[in-house]
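Visitor: Pasting a structure below so you can have a look.
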Amino acid sequence: MLAAAGIAAPENSAAFAVYFQYINGVLDELAAPMAEQTRLALLDIIQRNPPPEVLAAIRERAISNARDMITNVTQSELVKIHEQIAAATAQGNGPREVARWLDEVKGLDSNRVKSYEKYIRELESLDLTDAEIERRAEAYYQKLLRDRKLTIAQTEMRKATSQVQAEQAKASGAKMKVWLTVGDDRVSDACAACEAQGPIPINDNFTSGNGEPPNHPRCRCTVSYYSNTALNDIYARRAAERAAATEAARESQL
């Protein structure tokens, strides 16, 4: 795992143990909400008695998604850990001090770690007691952690639901699909481009590289499926109209 992330293992065996203690926590943090949300999505579909091939496809894709997400995030976390241990070593700190820091940031992604560090610096610039700084820092950390867990759960639930819909559409004979955004100023560039693309064959990917939402955490988009290719021109025109409205909404906020 370390080699895959391009990171050399620490020479100090105690520091090396810190790596894996932290990584185990990261994996638990990621796997729990992913597994639960995928389970709920699959349970919902199982209750509708879908064809076996639909269940098999959903199961295979869910496993692949979980593996990819854990691999990508873990490599990112490993880089962060490596930087933290290097900085602590340069300051003469030992594994105990490093472990204490890692316990504080455990479960936060790099952007939230930066927010946490910035908040701590702001607190330290105020005329506050150590106890008050610690209280506020802990409250902010818990807020960031809850937000990340919610983001993971929402994103994975959205992914599972989208894939369930895609497999059901294929099983029912749908041949085409078209991306639908919410149409407001919060639509991302990637999602706007998918919408502007119009109808595409059901097995193709959109411009983002995804076959269905989400394109990013908390993506709010959906996909519409249909079987009558004679309606392609109508769907293309409607997609172009939606894309124009979405772009106008986004430009109004610039």
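Visitor: Restricting the range 175-187 to residues that are of a type outside the set (Lys, Arg) and surrounded by fewer than 17 Cβ atoms within 10 Å (Cβ to Cβ), which is farthest from THR229 (Cα to Cα)? Give the derivation first.
Guide: Within the range 175-187, the subset of a type outside the set (Lys, Arg) is 176, 178-185, 187.
Within this subset, residues satisfying the condition of being surrounded by fewer than 17 Cβ atoms within 10 Å (Cβ to Cβ) are 182, 184-185.
On the way: VAL182: 24, ASP184: 29, ASP185: 31 Å.
Only one residue tops the list, namely ASP185.
Visitor: Against the definition (farther than 24 Å from ARG250 by Cα, outside the structural domain of ASP109 (by TED's automatic domain parsing) and surrounded by fewer than 19 Cβ atoms within 10 Å (Cβ to Cβ)), how does PRO201 come out, yes or no?
Guide: So PRO201 passes the test.
Visitor: Picking from ARG135, ARG158, ARG148, which residue would you name as being touching a helix residue (DSSP H, G or I) at 6+ places or on another chain (Cβ under 8 Å) and either crowded, with 20+ Cβ neighbours inside 10 Å or of a type in the set (D, E, K, R) (or both)? Talk me through it step by step, then tell me what you get.
Guide: Numbers: ARG135 fails: touching a helix residue (DSSP H, G or I) at 6+ places or on another chain (Cβ under 8 Å); ARG158 fails: touching a helix residue (DSSP H, G or I) at 6+ places or on another chain (Cβ under 8 Å).
Every option except ARG148 fails the conditions.
Visitor: Part of a helix (DSSP H, G or I) and exposed (fewer than 12 other Cβ atoms within 10 Å of the Cβ) - does that describe any residue in the range 237-244?
Guide: Within the range 237-244 (the criterion being part of a helix (DSSP H, G or I) and exposed (fewer than 12 other Cβ atoms within 10 Å of the Cβ)), the answer is yes, since at least one residue qualifies.
Visitor: Considering only the range 148-168, state which residues are at pLDDT below 80 and acidic (Asp, Glu).
Guide: GLU156
Visitor: Now for a separate question. Please state which one of GLU167, GLU117, GLU132 is farther than 27 Å from HIS216 by Cα and not assigned by TED's automatic domain parsing to the domain that holds SER208. If you could, list the steps in order and put the result at the bottom.
Guide: Working: GLU167 fails: farther than 27 Å from HIS216 by Cα; GLU117 fails: farther than 27 Å from HIS216 by Cα.
Only one candidate passes the filter, namely GLU132.
Visitor: Failed condition for ILE202, given (1) hydrophobic (A, V, I, L, M, F, W, C); (2) under 26 Å from THR151 (Cα atoms); (3) in contact with a helix residue (DSSP H, G or I) (Cβ under 7 Å, 6 or more places away or on another chain), with all others met?
Guide: If we test ILE202 against (1) hydrophobic (A, V, I, L, M, F, W, C); (2) under 26 Å from THR151 (Cα atoms); (3) in contact with a helix residue (DSSP H, G or I) (Cβ under 7 Å, 6 or more places away or on another chain), just (2) comes out false.
Visitor: Checking ASN215 against (1) in a loop (DSSP other than H, G, I, E, B); (2) surrounded by fewer than 19 Cβ atoms within 10 Å (Cβ to Cβ), only one condition comes out false. Which one?
Guide: (2)
The values are calculated or read from the model by the stated rules, or taken from the named source; none is laboratory data. Keep in mind the model is a prediction, meaning the values are calculated, not measured. With ideal geometry, Cβ positions are generated from the backbone for all residues, glycine too; neighbour counts draw on all protein chains shown.
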